[in-house]
Amino acid sequence: MLKNLVNLPTGKCTLFLLGTTALSLVTTPVLFKLIPAMMHLGVLMNWFPSESGIQNEMEGKMKATTWPQDESKDKNNSL
């Protein structure tokens, strides 16, 4: 009688672990296929900026933050 009471929770725990493992083995490949498709759809629907837009934005920030070279230094270096 006591043996059956001890095995009952361990059996349920084992089934729970087997079920969650099977679920993760099924859902992981599906998510890896689904996420890039959703990102592409999001770019097409303008939910997210496209990668080329991000690159152009970063180039604009780089140009805006660079300091112009001092012309007097260039004249001294040419002498």
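The values are calculated or read from the model by the stated rules, or taken from the named source; none is laboratory data. Please read these numbers as outputs of a predicted model, since none were measured by experiment. For neighbour counting, all protein chains shown are included, and Cβ atoms are generated from backbone atoms with ideal geometry for every residue, glycine included.
If we scan the stretch 67-74, do we find a residue that is of a type in the set (S, T, N, Q), surrounded by fewer than 10 Cβ atoms within 10 Å (Cβ to Cβ) and modelled with pLDDT under 60?
There is at least one residue in the stretch 67-74 that is of a type in the set (S, T, N, Q), surrounded by fewer than 10 Cβ atoms within 10 Å (Cβ to Cβ) and modelled with pLDDT under 60.
Just name the residue that is surrounded by the most Cβ atoms within 10 Å (Cβ to Cβ) out of those in the stretch 30-60 that are at pLDDT 80 or above and not in a helix (DSSP H, G or I). Don't jump to the end; show me each part of the working.
Going residue by residue through the stretch 30-60, those that are at pLDDT 80 or above are 30-47.
Among the residues that remain, those that are also not in a helix (DSSP H, G or I) are: 45-47.
Numbers: MET45: 8, ASN46: 8, TRP47: 10.
Among those that are at pLDDT 80 or above and not in a helix (DSSP H, G or I), it is TRP47.
Test of understanding: among THR27, THR20, THR14, THR10, which residue is modelled with pLDDT of 60 or more, of a type in the set (Val, Ile, Thr), on the phi < 0 side of the Ramachandran plot and surrounded by fewer than 10 Cβ atoms within 10 Å (Cβ to Cβ)?
Selected residue: THR10, the only one of THR27, THR20, THR14, THR10 that is modelled with pLDDT of 60 or more, of a type in the set (Val, Ile, Thr), on the phi < 0 side of the Ramachandran plot and surrounded by fewer than 10 Cβ atoms within 10 Å (Cβ to Cβ).
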